[in-house]
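To keep things clear, I will list the structure first and then write my remarks on it.
Here, each number is a calculation from the coordinates, and none is a lab measurement. The model shown is predicted, which means the values in this text are computed figures rather than measured ones. Positions of Cβ are generated from backbone atoms using ideal geometry, with glycine treated the same way; all protein chains shown enter the neighbour counts.
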Amino acid sequence: MNIPQDLKYTKEHEWVKIEGDIAIIGITDFAQGELGELVYVEVDTVGETIKRDEIFGTVEAVKTTSDLFMPVSGEVLEFNDELSESGGDNPGIINEDPYGSGWIIKVKPSDLSELKDLLSADAYAELVG
């Protein structure tokens, strides 16, 4: 299982990468493996400010749908066009590359101190055992 050291993680299996003043958010390799083949990703919160732990979208796999929770408060700037129905319509890219081209949203965080409450790679590895 792939758990990059340079990311922060939530107990709900989202990851966060900070690049400058932008947070890139996706779901972990563990999460995509548990969900199985992803068939749809919905994010209708672009332009909205979402608080930490609130739902920002959903992912749908062949057998289940799962909510996506915000790891840090902030404004949703962008939804990965590769995932959207009007764009690439390729949610399976999350299964193939969850930490790269399978990112889900980009956010302008409103409180970077919230990052300290997230899990390190080692702590997340312990969580998923």
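Some values worked out for this structure:
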{"read-out": "Exposure rule at most 15 other beta-carbon atoms within 10 Å, DSSP loop trypsin sites (Lys or Arg not before Pro): the chain longest free segment", "value": "64-129"}
{"read-out": "Interchain or long-range residues, amide H under 5 Å from residue 54's placed H", "value": "70"}
{"read-out": "Relative contact order computed over the range 8-114 (Cα-Cα under 8 Å; 6+ residues apart), in percent", "value": "30 percent"}
{"read-out": "Charge dipole of the range 8-114 about the Cα centre (unit charges at C-beta), most positive-ward option of 32, 69, 10", "value": "10"}
{"read-out": "Residues with amide H under 5 Å from that of residue 39, placed H, sequence gap 5 or more", "value": "60, 61, 62"}
{"read-out": "Computed lengthening from residue 64 to residue 21, 0.36 nm per intervening residue step minus Cα-Cα distance", "value": "12.1 nm"}
{"read-out": "Stokes-Einstein translational diffusion, the chain - Kirkwood Rh over all Cα pairs, 1.567 mPa s, 4 °C, in µm²/s", "value": "90 µm²/s"}
{"read-out": "From phi via Karplus (6.51, -1.76, 1.60), per-residue ³J(HN,Hα) for the range 77-86 in Hz, x at Gly/Pro", "value": "8, 7, 10, 4, 4, 4, 8, 6, 4, 7"}
{"read-out": "Hz values of 3J(HN,Hα) by residue in the range 62-75 - Karplus curve (6.51, -1.76, 1.60), Gly and Pro given as x", "value": "4, 10, 7, 10, 10, 6, 10, 10, 5, x, 9, 5, x, 8"}
{"read-out": "Using θ = phi - 60° and Karplus 6.51 cos²θ - 1.76 cosθ + 1.60, couplings along the range 31-40 (whole Hz; Gly, Pro as x)", "value": "4, 5, x, 5, 6, x, 4, 7, 10, 6"}
{"read-out": "Built amide H within the under 5 Å cut-off of residue 78, gap 5+", "value": "106"}
{"read-out": "Per-selection metrics, the range 1-53 (Cα): Rg and Dmax in Å", "value": "12.5, 33"}
